[in-house]
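These notes are about the structure you will find just below.
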Amino acid sequence: MIAIINVPTNIEDFVNLKPWWRTEVPTEVILSANGIEDLLIKLKHEKKKPFFILDSELKDQQEFAKIFAQNSKFIFDASASEPRTDDVDKLVAYIKTLKETPTVLVGIGGGSTIDLTKATSICYANPKKAQEYQGYEMEMEKGIDIWALPTLSGTGAEITPIAVLRGPEKKLGINNKYTAADVAIIDPQLSSGATTFNRFFTMMDCYYHHYEITKSKTSNPEAILDAKDGVRLSREILSRDVEPFELESSIKAAMASILGGSSTIGGRVGAAHAISYGLSNSSPCLPHSIAVTISMLALETLYPDGYKDTVEFLKINNIAHPKASDYEIGEKDIDKMTNTAMGMGKLWDSAFGEQKDKYATEEFMRNIYIKIINQ
Ligand SMILES: [Zn+2]
């Protein structure tokens, strides 16, 4: 059953869309033709005391001037991959020094900025350092309300109850129901200032999330249906040159991103993500979306159509195959990467189901990394 019959071609029709995702999400999703105005009106209407967490890339974009003029804010440099647990601890400490405690943290930016916002909210209400909360289903208190205004589509961060962080030991999310945004305002036009590189690779990651969930042995049926729609939308976007900003593609991207968030709630990614975590742990500046692309390029046997699509999308967009060696990953890292990948049990369950022990062996993972460093 495909729910998305028509993708709107203009913003008025987008705003009037009924929910196109099947998985129930805890976030209030607001579709908007003027995201910044709608955000400011809602804050005022609900008498909120906001604290803004803003992606530094937006500073020079005129449409965000009103937001940057706000007093209560933190500007985050999101260019160096995911936020660190350290960034969260510092921001929590800073917010605690404010005279007036904010009643909402508003994250405006790409996935990293929204993840920083989500992690800061929950860590504010819990006593330990952020790194202590990297993991699954820990008992935690709810923090300050979280609102998200994404300026890059595809991460799903506006919906997922996950804040991915780099800690001193590992890259791992805080996975908790209180890590989801309370409100997400979705205006596809806001991604017009993002670089082609960011738009392309973020949508690649979106495609991989959907693709791996459709192949998953442990994901629930609604998640798999959401992911099938997500594969269709992201494939349509990536099968064209993404360089010129087109409203229709950006509407599709915003829709695929929400499906990425909803399908993650009941679904789980698989082998390409498991392998990517090993790569990410060995290179502090390797963006997540590139790590997954490198991984998929080494998984032709397991995911033949995912591999084929990847090669095709890169070709159409005239982008060279990313290589691990560009991020200083080599033979010296193989043991550590294999170890990290071995620890991704839930993702291997998802990829292989009951046959995990037969296929997800140390030798299998080592061979993938050998292939990757020789590509
Ligand atoms: Zn991903």
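Nothing in this text is a laboratory measurement; each read-out follows from the coordinates by a stated rule. All figures in this text were calculated on a predicted structure; none of them were measured in a lab. Cβ placement follows ideal geometry from the backbone for every residue including glycine, while neighbour counts extend to all protein chains displayed.
Computed quantities for the displayed model
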read-out: On Cα atoms only, tilt of 35-45 relative to the major axis of the chain in degrees; value: 50
read-out: Relative exposure of Leu314, Leu116, judged by other C-beta atoms within 10 Å (fewest first); value: Leu314, Leu116
read-out: Viscosity 0.692 mPa s, 37 °C: Kirkwood-radius Stokes-Einstein D of the stretch 157-220 over Cα pairs, µm²/s; value: 229
read-out: Protection proxy ranking of 31-39, 316-324, 158-166 - average other beta-carbon atoms within 10 Å, highest first; value: 158-166, 31-39, 316-324
read-out: 25 Å Cα-Cα threshold exceeded, pairs from Lys128/Lys356; Lys252/Lys315; Lys129/Lys217; value: Lys128/Lys356; Lys129/Lys217
read-out: Which listed pairs, of Lys47/Lys96; Lys48/Lys96; Lys118/Lys336; Lys118/Lys323, have C-alpha distances above 24 Å, in listed order; value: Lys118/Lys336; Lys118/Lys323
read-out: Using alpha-carbon coordinates, inclination of helix 271-282 to the longest axis of the chain, degrees; value: 80
read-out: Peptide ranges 17-23, 187-193 listed from the most packed, as the mean C-beta count within 10 angstrom indicates; value: 187-193, 17-23
read-out: Range of Cα positions in the stretch 11-193 per principal axis (Å), largest first; value: 45, 38, 32
read-out: Helical contribution to [θ] at 222 nm, DSSP H n ≥ 4, -39,500 (n - 2.57), averaged over the chain, rounded to 500; value: -14000 deg cm²/dmol
read-out: Point-charge dipole on Cβ atoms (K/R +1, D/E -1) for the chain, about Cα centre, debye to 20; value: 540
read-out: Coordinate range along principal axes, alpha carbons of the stretch 196-373, Å, largest first; value: 45, 37, 25
read-out: Mean separation of Cα contacts under 8 Å, 6 or more apart, over the residue count of the stretch 11-193: relative contact order %; value: 26
read-out: Positive-end residue of Cys285, Ala320, Asn374, charge dipole of the stretch 245-375 with Cβ unit charges; value: Cys285
read-out: Residue exposure sequence - Tyr369, Tyr136 - by fewest surrounding Cβ within 10 Å; value: Tyr136, Tyr369
read-out: The chain: Cα Rg divided by the 2.2 N^0.38 Å rule of thumb; value: 0.94
read-out: Burial ordering of Thr214, Thr361, fewest other beta-carbon atoms within 10 Å first; value: Thr361, Thr214
read-out: Debye, to nearest 20: dipole size of the stretch 196-373, +1 on Lys, Arg Cβ, -1 on Asp, Glu Cβ; value: 160
read-out: On Cα atoms only, tilt of 196-215 relative to the major axis of the chain in degrees; value: 60
read-out: Cα-projected label distance for Met138 with Ser192, points at 7 Å along beta-carbon direction, nm; value: 4.2
read-out: Cα centroid separation - the stretch 88-130 against the stretch 303-375, whole Å; value: 33
read-out: Packing-based ranking, highest mean first, of 51-58, 177-184 given that Cβ atoms within 10 Å are counted; value: 51-58, 177-184
read-out: The stretch 26-84 versus the stretch 228-297: alpha-carbon centroid distance in Å; value: 23
